[in-house]
Amino acid sequence: MKNTFKTILTLGLIIISLITMNAQKQKMENTALLIIDVQNDYFPGGKMMLENAEQAGENTRKVLEYFRKNNLPVIHIQHISTNDGATFFLPDTEGAKINPRVLPREDEKIIIKHFPNSFRETDLMDYLRSKEIKNLVITGMMTDVCVEATTRAAFDFGFTNTIIGDATATRNRELNGEVVKAAEVQRATLAGISALGNLYARVINTHELLK
């Protein structure tokens, strides 16, 4: 009787596990990961170091591993500065290279951009359509510039967006001669994007995605 009960219990757990896995798979269908500008100049020693870049980079790595493990599409966005007066992400420099934490694999798409909006003058839209992507999970830097610009554009193009908040980072800003701390910029930007019932994007953290 004990063995029969154990067998039934084991089978029940297996069925529940399979149902859960299938539900998760369906939930992530037509979903791609967008890693925006996780490049060396944003990290310690770089020309435009951000607050909490290393933590955000590490969380982005965890999200990337999750997508790879589940065989989901990954898109790396790399910014190369071509405008006059640019001081970072300059062509053919170490700082413009994608950070080792999230180095692309051969089968992962890399898109070069020259503007904050990753869709502007790139083939991002064509690539997403070719893969029938409808949902984007977004990580990267800087939160209030390229991440925000890309997210708002993606919404306008009809994508459903999720930002991994702790896998993004920014730096102090200045307004009318006063310094606005990076933490305030980060919080306000994410609050604005997720306002009105997550209009432009839902904001979650790395743990929420991985669980």
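Note on region 158-203: residues that are in a strand (DSSP E or B), free of Cβ contacts under 8 Å to residues at least 60 places away in the same chain and within 18 Å of residue 57 (Cβ to Cβ) total 2.
For region 123-145, the set of residues classified as closer than 30 Å to residue 174 by Cβ and either of a type in the set (Val, Ile, Thr) or open to solvent by 10 Å² or more (accessible area, probe 1.4 Å) (or both) consists of 138, 139, 142, 143, 144, 145, listed by residue number. Is it the case that residue 72 is part of a loop (DSSP other than H, G, I, E, B) and modelled with pLDDT of 95 or more? In short, yes. Which residues, counting only those in region 93-116, are in a loop (DSSP other than H, G, I, E, B) and within 23 Å of residue 54 (Cα to Cα)? Correct list: 93, 97, 99, 103, 104, 105, 108, 116. Residue by residue through region 117-151, note down the ones that are assigned to a helix (DSSP H, G or I), in contact with a helix residue (DSSP H, G or I) (Cβ under 7 Å, 6 or more places away or on another chain) and of a type in the set (S, T, N, Q). Answer for region 117-151, where residues must be assigned to a helix (DSSP H, G or I), in contact with a helix residue (DSSP H, G or I) (Cβ under 7 Å, 6 or more places away or on another chain) and of a type in the set (S, T, N, Q): 143, 151. Entry remark, region 113-147: residues being under 13 Å from residue 74 (Cα atoms) and charged (D, E, K, R) number 1 in total.
Residue-wise test of (1) in contact with a Lys or Arg (Cβ under 6 Å, 6 or more places away or on another chain); (2) among the aliphatic types (A, V, I, L, M); (3) farther than 27 Å from residue 67 by Cβ; (4) open to solvent by less than 20 Å² (accessible area, probe 1.4 Å).
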site: 157; (1), (2), (3), (4): no, no, no, no
site: 191; (1), (2), (3), (4): no, yes, no, no
site: 199; (1), (2), (3), (4): no, yes, no, no
site: 203; (1), (2), (3), (4): no, yes, no, no
site: 206; (1), (2), (3), (4): yes, no, no, yes
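Once region 1-57 is narrowed to residues that are modelled with pLDDT of 75 or more and in a helix (DSSP H, G or I), the residue that is surrounded by the most Cβ atoms within 10 Å (Cβ to Cβ) is 56.
Contact map, region 126-140: residues that are on the phi < 0 side of the Ramachandran plot and at pLDDT 95 or above paired with residues that are among the acidic types (Asp, Glu) and assigned to a loop (DSSP other than H, G, I, E, B), Cβ distance under 9 Å, separation 6+ or inter-chain. Pairs shown: 134/29; 135/29.
The values are calculated or read from the model by the stated rules, or taken from the named source; none is laboratory data. What you see is a predicted model; the values in this text were computed from it and never measured. Reconstructed Cβ throughout: ideal geometry from the backbone, glycine too, with neighbour counts over all protein chains shown. Ligands, DNA and RNA are excluded from the accessible area calculation, which covers all protein heavy atoms including side chains. Shrake-Rupley method; radii C 1.70, N 1.55, O 1.52, S 1.80 Å.
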